[in-house]
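Data block below; observations after.
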Amino acid sequence: MKINFEGIIRNLESKANSIYRDNEKLRNLIIKVKDKIDNNKELREIFEEIKLLIELIRDWLKGDYKELSQTSVVLVIISFIYLLNPFDLIPDFIAGGFVDDIAVITYIVKKIQEELKAYKRWRNREETAEIIEIQGDVMDIDE
């Protein structure tokens, strides 16, 4: 089976752009994706990628992470819409029905890999800063 990734992106781009402009719709989309991947054994092989995409969009929505292009946000939204569509190329209720979902998400992760690398670096710096801040508070308490 050959998947037309760019065709999928073109078909879902308009819907993704409308969600991009509506923070409430985007929050609801994230909740639905999280619910779908929880305890889904077929999506286990890309669980970490999906989780990273969710965290990226959450940090962007909160305004904590600003270094994300509109194109990348829309692509992530497209991957989420595709994942949630039970009647995509291979319907999800059929055995092996998530093969196409996995392929689409993997394709989009590769398309935005440079921005994902930058996000991971930012996140690591944020986590390091939090640890230093917590250790500073502990040191102040002991003194």
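The values are calculated or read from the model by the stated rules, or taken from the named source; none is laboratory data. In this text the structure is predicted, and so the values were computed from the model without any measurement. So basically every Cβ, Gly included, is an ideal-geometry build from the backbone, and we count neighbours across all protein chains shown.
Summary of values
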quantity: Residue check, L61 assigned to a helix (DSSP H, G or I) and within 20 Å of T106 (Cα to Cα); calculated: no
quantity: Only listed residue being assigned to a helix (DSSP H, G or I), surrounded by 15 or more Cβ atoms within 10 Å (Cβ to Cβ) and among the hydroxyl-bearing types (S, T, Y), chosen from S14, S18, S72; calculated: S72
quantity: Failed item, numbered, when N40 is tested on (1) at pLDDT below 95; (2) polar (S, T, N, Q); (3) closer than 13 Å to V73 by Cβ; calculated: (3)
quantity: Residues of the range 41-84 classified as acidic (D, E) and under 17 Å from K25 (Cβ atoms), total; calculated: 0
quantity: Any chance N85 is at pLDDT below 95, within 25 Å of I3 (Cα to Cα) and surrounded by fewer than 17 Cβ atoms within 10 Å (Cβ to Cβ); calculated: yes
quantity: Any chance L43 is over 22 Å from N4 (Cβ atoms), out of contact with any Gly (no Cβ under 7 Å at 6 or more places or on another chain) and not in a loop (DSSP other than H, G, I, E, B); calculated: no
quantity: Residues of the range 27-40 satisfying the condition of being within 13 Å of L84 (Cβ to Cβ) and either part of a helix (DSSP H, G or I) or of a type in the set (A, V, I, L, M, F, W, C) (or both); calculated: N28, L29, I30, I31, K32, V33, K34, D35, K36, I37
